[in-house]
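Undergrad: Have a look at this one before I ask anything.
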Amino acid sequence: MEIGFVGLGKMGMNMVERLRRDNHQIVAFDLDDAKLKEVSTFGADGVNSLKDMVARLAPPRGVWVMVPAGDPTDSTINQLAELLEPGDAIIDGGNTNFHDDLRRAAVLAGMKLHLVDAGTSGGIWGLKLGYCLMIGGEVDIFRRYEPIFKTLAPPGGYDHVGGHGAGHYVKMVHNGVEYGLMEAYAEGFEAMHKSEYKLDLPKIANLWRQGSVVRSWLLELTANALEKDPRLEQIRGYVEDSGEGRWAVQDAIDKNISMPIITMALFTRFRSRVDKGEGTFGERLLAALREEFGGHPVIKE
């Protein structure tokens, strides 16, 4: 299948490579010329402008946008809307607020263009393992691009979850749950780190992966991080958040939903920044986990 792709960051580049491995035809655009050269090494067609990209796609065109949420996504979608033709579609795979999806979908509908919101989870491991895709929008447009979703996802790893905004809403809740799970691991390993038993934390993390009720991919990544640096002495406990946790908590407030675990996990991240990352072992583990699954930048000692 043919598709345009905008944004060749850590995830975008890997997604294009995964699509090319399944012989999809990709016309890619990024502001960084070096990335355009890199993407050409596995057979994608790198172009220097959105106009060139659209011109090389056959109608009905589909363009996947993988750029930072907010103004960069707004700017990209607005530029594409002026270049595309009725019947074409834009797929937003970034970490967008679902309220923005509703606004954009309405504007694009007035231009007879379609919007698909694809909540995307998988981080820097997606090239190898695949991406979990939570997809919102019109069902017939979802079906049109299903071959793309099928290639990007592992078996059973994509689904149409509802109308416009539903994909990013489900992804927002997913990331809120992720905050809570990470915080639980961080607190547990903090307790063991301070235990009088002088416990071997990498060994215990690997032990818990074998049949334990708390086994998970996050635990596997915990084991990876601890094996590389058992006392996490090479990383500061400065823990960023990329927005979805805040949106999930705000959504809970708006709907009078009790969400204490996710809320406190978010507040822990805020607290970690007060002392420039001189925080606890648990906070250092949170930072290490973000680096492990998403390649997010961390502050090194």
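Undergrad: I257 passes all but one of (1) part of a helix (DSSP H, G or I); (2) modelled with pLDDT of 95 or more; (3) within 17 Å of N175 (Cβ to Cβ); which number fails?
TA: Unmet condition: (1).
Undergrad: Here is a list: G165, G180. Which entry is touching a His at 6+ places or on another chain (Cβ under 9 Å) and over 22 Å from I26 (Cα atoms)?
TA: None of the other options fit; the residue is G165.
Undergrad: Now a separate question. Tell me, please, whether a residue that is surrounded by fewer than 18 Cβ atoms within 10 Å (Cβ to Cβ), assigned to a loop (DSSP other than H, G, I, E, B) and out of contact with any strand residue (DSSP E or B) (no Cβ under 7 Å at 6 or more places or on another chain) can be found in the range 13-21.
TA: Looking for residues that are surrounded by fewer than 18 Cβ atoms within 10 Å (Cβ to Cβ), assigned to a loop (DSSP other than H, G, I, E, B) and out of contact with any strand residue (DSSP E or B) (no Cβ under 7 Å at 6 or more places or on another chain), one finds none in the range 13-21, hence no.
Undergrad: Kindly indicate whether any position in the range 186-202 is buried (at least 16 other Cβ atoms within 10 Å of the Cβ), free of Cβ contacts under 8 Å to residues at least 40 places away in the same chain and in contact with a Pro (Cβ under 9 Å, 6 or more places away or on another chain).
TA: Yes - at least one qualifying residue is present in the range 186-202.
Undergrad: Same structure, new question: For the range 245-254, state whether one or more residues are assigned to a loop (DSSP other than H, G, I, E, B) and over 18 Å from the mean Cα position of the chain (by Cα).
TA: Checked against the condition, which is being assigned to a loop (DSSP other than H, G, I, E, B) and over 18 Å from the mean Cα position of the chain (by Cα), the range 245-254 yields no hits at all.
Undergrad: Which residue pairs have Cβ atoms closer than 8 Å, lie 6 or more positions apart in sequence or on different chains, and pair a first residue in the range 97-125 that is over 28 Å from E291 (Cβ atoms) with a second residue that is of a type in the set (D, E, K, R) and part of a helix (DSSP H, G or I)?
TA: R104/D74; L115/D101; L115/R104
Undergrad: For the range 197-219, state whether one or more residues are assigned to a loop (DSSP other than H, G, I, E, B), of a type in the set (A, V, I, L, M, F, W, C), more than 24 Å from G295 (Cα to Cα) and at pLDDT 95 or above.
TA: Yes, because at least one residue in the range 197-219 is assigned to a loop (DSSP other than H, G, I, E, B), of a type in the set (A, V, I, L, M, F, W, C), more than 24 Å from G295 (Cα to Cα) and at pLDDT 95 or above.
Undergrad: Related question: Restricting to the range 270-290, name every residue that is crowded, with 22+ Cβ neighbours inside 10 Å and more than 18 Å from the chain's Cα centre (by Cα).
TA: Scanning the range 270-290 gives S272, G282, E283, R284, L285.
Undergrad: Does any residue of the range 158-178 turn out to be within 16 Å of the chain's Cα centre (by Cα), part of a helix (DSSP H, G or I), under 21 Å from A223 (Cβ atoms) and not assigned by TED's automatic domain parsing to the domain that holds N97?
TA: Yes - at least one qualifying residue is present in the range 158-178.
One line per residue, one yes/no per condition, for (1) surrounded by 22 or more Cβ atoms within 10 Å (Cβ to Cβ); (2) touching a strand residue (DSSP E or B) at 6+ places or on another chain (Cβ under 9 Å):
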{"position": "M53", "(1), (2)": "yes, yes"}
{"position": "P60", "(1), (2)": "no, yes"}
{"position": "M66", "(1), (2)": "yes, yes"}
{"position": "T73", "(1), (2)": "yes, yes"}
{"position": "I77", "(1), (2)": "yes, yes"}
{"position": "L84", "(1), (2)": "yes, yes"}
{"position": "N97", "(1), (2)": "no, no"}
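Undergrad: Could you run through the range 22-47 and say how many residues are buried (at least 19 other Cβ atoms within 10 Å of the Cβ) and either in a helix (DSSP H, G or I) or not acidic (D, E) (or both)?
TA: 9
Undergrad: Only one of these is closer than 14 Å to V65 by Cα, β-branched (V, I, T) and within 16 Å of the chain's Cα centre (by Cα): I124, I148, I91. Name it.
TA: Sole residue among the options that is closer than 14 Å to V65 by Cα, β-branched (V, I, T) and within 16 Å of the chain's Cα centre (by Cα): I91.
Undergrad: Right, another one. Just to be sure before I move on: is A44 farther than 26 Å from G243 by Cα, within 23 Å of the chain's Cα centre (by Cα) and free of Cβ contacts under 8 Å to residues at least 40 places away in the same chain in the structure I sent?
TA: So A44 fits the description; yes.
Undergrad: Further question on the same structure: Just name the residue that is nearest to K171 (Cα to Cα) out of those in the range 95-145 that are modelled with pLDDT of 95 or more and aromatic (F, W, Y).
TA: In this case the residue turns out to be F98.
The values are calculated or read from the model by the stated rules, or taken from the named source; none is laboratory data. The structure displayed is predicted, hence computed values, not measured ones. Glycine gets a Cβ as well: all are built from the backbone with ideal geometry, and neighbour counts include every protein chain shown.
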